[in-house]
Amino acid sequence: GANVVAIHVPTGTKYGTSVRVDGNFNISNMRSGGPYLITVTFVGYSEQKLENIQIALGQNLSLKFKLQD
């Protein structure tokens, strides 16, 4: 149930989704290139961010997050 937000830094476009029970998430139709700022949040846990993420056209990017209490 964690929330994932991807921001395309040059344009400010935001893409968001929720993490499924199995811990995976998908965000479709994102603009290729970057850089992106990826933020994961969940109530009671500290926020985690990844910066300067680049996405190639048609790429399936796998990111791992582990939120701390």
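The values are calculated or read from the model by the stated rules, or taken from the named source; none is laboratory data. If you're wondering where the values come from, they're calculated on a predicted model, not measured in any experiment. Because the Cβ atoms are built from the backbone with ideal geometry, glycine has one as well, and the counts that use them run over all protein chains shown. Please note that ligands, DNA and RNA were not included when accessible areas were found on the heavy atoms of the full protein model with its side chains. Shrake-Rupley method; radii C 1.70, N 1.55, O 1.52, S 1.80 Å.
For region 42-66, taking the residues that are part of a strand (DSSP E or B) and either in contact (Cβ under 8 Å) with a residue 24 or more places away in the chain or open to solvent by less than 60 Å² (accessible area, probe 1.4 Å) (or both), the one that is farthest from Ile7 (Cα to Cα) is identified as Gln48. When Thr39, Thr17 are checked against the criterion of being touching a residue at least 12 places away in the same chain (Cβ under 8 Å), assigned to a strand (DSSP E or B) and in contact with a Phe, Trp or Tyr (Cβ under 6 Å, 6 or more places away or on another chain), Thr17 stands alone in meeting it. Taken over region 1-14, the criterion of being among the polar types (S, T, N, Q) and either touching a residue at least 24 places away in the same chain (Cβ under 8 Å) or part of a strand (DSSP E or B) (or both) is satisfied by Asn3, Thr13. In region 19-40, what residues are under 13 Å from Leu61 (Cβ atoms), small (Gly, Ala, Ser) and open to solvent by 40 Å² or more (accessible area, probe 1.4 Å)? Within region 19-40, Ser28, Ser32 meet the criteria.
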